[in-house]
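Engineer: What follows is a single structure, and I will ask about it in a moment.
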Amino acid sequence: MDKKKLTQKTSWFWKWFLNSQVVVALIIVLLLLLIALVFTKVSYLFEPVGQFFAIVGLPIIIAGILYYLMNPVVNYLERKGLKRTFAIILLFIAVVALLIWGIVVIIPQIREQVGSMMRSLPGYFDTISDKISEIFKDPSFKPFQQHIDNSLQKILESLTETAQKLSRVTLQGLGSVVSTLATVVIALITAPIILFFLLKDGGQLAPYILKFLPTKARKPTLRVMTEMNSQLASYIRGQLTVAFAVAVMFIVGFSLVGMNYAITLGILAGFLNLIPYLGSFLAMVPVIFIAIVTGPIMLVKVIIVFTIEQTIEGRIVSPLVLGNQLEIHPVTIMFVLLTAGKIFGITGVILGIPFYAVAKVIAIHVFEWYKGVSNLYEDEEKNPVE
């Protein structure tokens, strides 16, 4: 009798709360938010962990990028019968030789062009200023002359104030500059060591991690890790290959039309091309500026070079190298770039898309798992929406 009364008393609570998938999901979300709130209150306990990752993060990222570039070559040499360790050493020697060649041949030219560009900048600004003054002296601008003068004065005052602030920040930030240089030096020293062991033992990393997981979780976890690795490999190899092709096309194009600083501007364009959609247009800003100063004929030539490069990149290089492997909508990419750039700066802009691709893989598999355990999508699976 008591058991029957207890069942009657608790049945409504079980029906409306404990037996409701939506309520259980909301409770789980609430618990996760509470855990996050607790972590924010004891965040000081994790400061040593953050400092550790701040030190090892850069060399790991550098080694990881180089791993995805060099691993296919090492695998190819290994398939040809060369021992993996010897293949890695041979590839390292080839990379060092290329770096020495770049330092001897390319770096001096870049240094000379950058120095010449810095010396020419005041003249460029004077030329632009004179041309703008000539335009504004036109009689049609006379009614707006006062407003134009006021605006120019405000712009000059703003630039002066910004320069003063920048100089103060620069003097105050010498310590951080030294710290950053030390971090970069440490990264350049340790990254090759990490890269060597990644190339040598990287294939054993996934099985080693899976040993710590329950038996039933190993296969789905391996599937997620394989997809994540595929996404990262495709993106990194593809973007770097496209960036290299863009740099070569711009260097050749600018050299053919007689553009000053062709090598420096081409390398800058290749580097900026690592930023999806925006990189090439950002690279054209200094090019257009220099072309305007040089003359209208050079401006037309530069626009022709840019049009040809964009056509080749968009119609041939990018589809051939990248394809549609990430399957990320362009609007999503723009949102990711804006958000990652706001939070993490230039590092976020460059690494935001691959990290989003990895997070997308995890989210898709978590959602598929939730669909299976929640039983809320059975009708959708039986009768898919057309």
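The values are calculated or read from the model by the stated rules, or taken from the named source; none is laboratory data. Owing to the predicted nature of the structure, the values given are computational and were not obtained by experimental measurement. Virtual Cβ from ideal backbone geometry, glycine too; neighbours counted across all protein chains shown. To get the accessible areas, we keep the full protein, side chains included, count just its heavy atoms, and leave off ligands, DNA and RNA. Shrake-Rupley method; radii C 1.70, N 1.55, O 1.52, S 1.80 Å.
Engineer: Go through Lys219/Lys371; Lys41/Lys371; Lys41/Lys342; Lys216/Lys360 and tell me which ones have a Cα-Cα distance over 30 Å in this structure. Intermediate results must be reported in sequence, preceding the final value.
Structural biologist: Numbers: Lys219/Lys371 18 Å; Lys41/Lys371 34 Å; Lys41/Lys342 25 Å; Lys216/Lys360 23 Å.
Where the Cα-Cα span goes over 30 Å, the pairs concerned are Lys41/Lys371.
Engineer: Here's something else I'd like to know. For segment 217-232, what does the Karplus curve 6.51 cos²θ - 1.76 cosθ + 1.60, with θ = phi - 60°, yield as ³J(HN,Hα) per residue in whole Hz, taken in order and with x for Gly and Pro?
Structural biologist: Using θ = phi - 60°, the values come out as 8, 6, 5, x, 5, 4, 5, 5, 5, 5, 5, 4, 4, 5, 4, 5 Hz.
Engineer: Tell me, what is the per residue accessible area of segment 274-316 in Å², probe radius 1.4 Å?
Structural biologist: Numbers: 2320 Å² over 43 residues.
Result: 54 Å² of accessible area for each residue.
Engineer: Which shape class applies to segment 221-338: rounded if a/c is under 1.5, otherwise prolate when a/b exceeds b/c and oblate if not, where a ≥ b ≥ c are the square roots of the Cα gyration tensor eigenvalues?
Structural biologist: Prolate, because a/c is 1.5 or more and a/b exceeds b/c.
Engineer: Under a crude label model (7 Å from the Cα following the beta-carbon direction), how far is Val285 from Ala359 in nanometres?
Structural biologist: Going by the 7 Å Cα→Cβ label model, 2.5 nm.
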